Amino acid sequence: MPRKLQLRAFKDGEEEQLRQMSRSRTAAQRAVERAEIVVLFQEGKRAEAIAQQIGRTVATVYYQVHQFNERGLDFLEDQR
């Protein structure tokens, strides 16, 4: 049976920064979308519902949550 994906606890200021980014109209669309994924996941939405809402795959939702868990707010930027 697959493990359930969990979001790590937010550190100081992360939640507010993610919420601000998810509402931004001037930031890069990828960063806004990534922030929105984590905010919606934290609110208890299922990965399938998030994927449908933002127009991405479930795999993308899981990937971005994993990236946030590992990299913190750095996940908003593209890796090089």
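The values are calculated or read from the model by the stated rules, or taken from the named source; none is laboratory data. In this text, all values refer to a predicted model and were calculated from it rather than measured experimentally. Ideal geometry is used to build each Cβ from the backbone, glycine not excepted, and the neighbour counts take in all protein chains shown. In case anyone asks, the SASA skips ligands and DNA or RNA and just uses the protein heavy atoms, side chains included. Shrake-Rupley method; radii C 1.70, N 1.55, O 1.52, S 1.80 Å.
Considering the range 23-64 alone, what residues qualify as being open to solvent by 50 Å² or more (accessible area, probe 1.4 Å) and touching a residue at least 40 places away in the same chain (Cβ under 8 Å)?
The answer is Arg30, Tyr62.
Selection over the range 48-80 of residues that are at pLDDT below 95 and over 19 Å from Gln17 (Cα atoms) gives a count of 2. Counting residues in the range 27-40 that are basic (Lys, Arg) and not in a helix (DSSP H, G or I) gives zero.
Looking at the structure I just gave you, is Gln20 open to solvent by 50 Å² or more (accessible area, probe 1.4 Å), polar (S, T, N, Q) and over 12 Å from the mean Cα position of the chain (by Cα)? Judged against the criteria, Gln20 is a match.
Per this entry, Phe41 is not counted among residues that are of a type in the set (Phe, Trp, Tyr) and more than 15 Å from Gln6 (Cα to Cα).
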